[in-house]
1. Search the structure for amide H atoms under 5 Å from the amide H of A:SER239, placed 1.01 Å from N in the peptide plane, and list their residues when 5 or more places away or on another chain.
2. Please report, in whole Å, how far the alpha carbons of the protein assembly as shown spread along each principal axis, starting with the longest.
3. Mind grabbing the base-10 log of I(q)/I(0) for the stretch B:126-165 at q = 0.22 Å⁻¹? Debye formula, identical points on the C-alpha positions, no solvent, two decimal places.
4. Longest segment of chain B with no trypsin sites (Lys or Arg not before Pro) in a DSSP loop having at most 11 other Cβ atoms within 10 Å?
5. Which angle from 0 to 90°, rounded to the nearest 10, does the C-alpha axis of helix B:2-23 make with the longest principal axis of chain B?
6. When chain B is modelled as a GNM with alpha-carbon springs shorter than 10 Å, which of B:LEU68, B:LEU91, B:LEU57 fluctuates the most?
7. Quick one: dipole size for chain A, taken about the Cα centre, charges +1 on Lys/Arg Cβ and -1 on Asp/Glu Cβ, in debye to the nearest 20.
8. GNM on chain A, C-alpha springs below 10 Å: top fluctuator among A:SER211, A:SER157, A:SER199?
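Coordinate-derived values only; no laboratory data. Please read these numbers as outputs of a predicted model, since none were measured by experiment. Because the Cβ atoms are built from the backbone with ideal geometry, glycine has one as well, and the counts that use them run over all protein chains shown.
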Amino acid sequence: MVFIQLLQSLGLPYEAAWLLSQVLIITIMISVLLVIVAFVLLADRKIFAAVQLRRGPNVVGIFGLLQSFADLIKFLVKEVIIPSGANKGVFLLAPLVSAITALSTWAVVPLDDGWVVADINVGILYIFALSSLGVYGIIMGGWASNSKYAFLGGLRSAAQMISYEVSIGFVLITVLLYAGSLNLSEVVNAQRDGWFAFSFLFPTFVIFFISAIAETNRPPFDLPEAESELVAGYMVEYSSTPFLLFFLAEFVNIMLMSAMCAILFFGGWLPPLDIWPLNAVPGVLWLFAKICFFFFLMAMVRSIVPRYRYDQLMRLGWKVFLPISLLWVVLTAGYLLASGRVPL
Amino acid sequence: MLQGIAFYFFSAVMIASALMVIAARNPVHSVLFLILAFFNAAALFVLLGAEFLAMILIVVYVGAVAVLFLFVVMMLDIDFVELRRGFMNYLPLGAVIGGLIFFELAFVMFVWTADPGAPLRPTPAGVTNTEALGRILYTDYIFYFQTAGLILLVAMIGAIVLTLRHRPDVRRQSISRQNARQPADAIEMRDVKPGQGS
């Protein structure tokens, strides 16, 4: 908004000003996001190391703070190796699909009251749709590599993501029954009287958190890249910048899932209590703190829990989470109707 | 003006990718172009103001149906020579069907006109897209909606019945029984004297 007024005062017509300001906002958001991802990556490695009584990266910069940037330069200057049997176009398109879908999902995430690039009415559905598009990057990469390991990894990953998307979908339905809107800002505003995690929806939060880990292919659900069986799964033939893009997409998605936990169940940018020292802190910082908390939880799960076997993973998704979340949709609707609290 | 540019861009990409679906030699490329076409159709829905339909199109068709398509096509071992062989035999039938569909489309296009009194926006003012669709589906057309659900249920049960096989020779894992196992059931501690164990 500020940018639009600024640009219009320079004499630009409204549409040009709007376009320019959107481009500016998106650029700023992506750059900040990527810098945060660089440090989150480091934090992930540090937490993993601390659990195993190691030190983790500590050579580049003080406490290894610049490690991610050193890795970035390493990836960028390495040679891009394309296997001779690979389908070149699809092979190079796959990491782009992954990275673009991961980054564009952030367009609807509200960082604070009104701080959102695209405040659309169907925000939850948009995130759901784009996270289902993310599967294509992995399948395309697995197929185009023309390698057994990569293909198996891609198929596994696609099956896994589709399975867990179903229960995520039902969890989202319970949340929107409570909030009465598909707009993410309104979902957060509906939590002013109490966060959804501390209500009837707590079991769905647990399901959402575990499904989010499965959806982002993180340990203990990292079967697509299980190094003991598939070397590195769909990424096995990738090197240099395409590999970096896959890696980046994975971490942007992890951040997004942490943000979704915070927004859907833990009040997004809202402080825990609406009293003086807490509500003086800007909302962005609250959201950031919540994202960090959920990311820490995911990193701890990654370092503590052993990997699932494939049939156990499918059993958990289809035979445990799907019935429970479906039941909870019915129970939530009934509860809201019985207590007369249906929004709208 | 921006909307106009967006409309022509998405339509052009959609038509081009739809053409590529039938022109591409590699079936996997065909499916990928089909996905691109779906995606652009969703973008056109957004331009019309039907954002709920757009998102559902992506979630259902791109996120679920096309993934399964892609699965099947990737696993197929397609022999292109074999595929080309019957081409001339099937050409007349294909041409007749194609011509018929083209004729029907052209017929509809020239005969049908939009009601001049119809509103330009798909939803009434003050109600979001999702709400408007939900009200129509769950109040005016509830029985049709339920019937559609029942048909899908029958199809689902049919698919399960067709693929279900009871194989008695396969050992299955029972998670609850495994969790209920105690160390004492599985391990027996024996105190074996030195020199006496066999």
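1. Those lying under 5 Å, H to H, from A:SER239 are A:ILE81.
2. 101, 74, 61
3. -0.70
4. B:26-164
5. Its long axis makes an angle of about 60 degrees.
6. Taking springs between Cα atoms under 10 Å, the residue moving most is B:LEU91.
7. Numbers: 18 positive and 19 negative charges, 168 e Å.
The dipole of chain A has a size of about 800 debye.
8. Highest fluctuation among the options: A:SER199.
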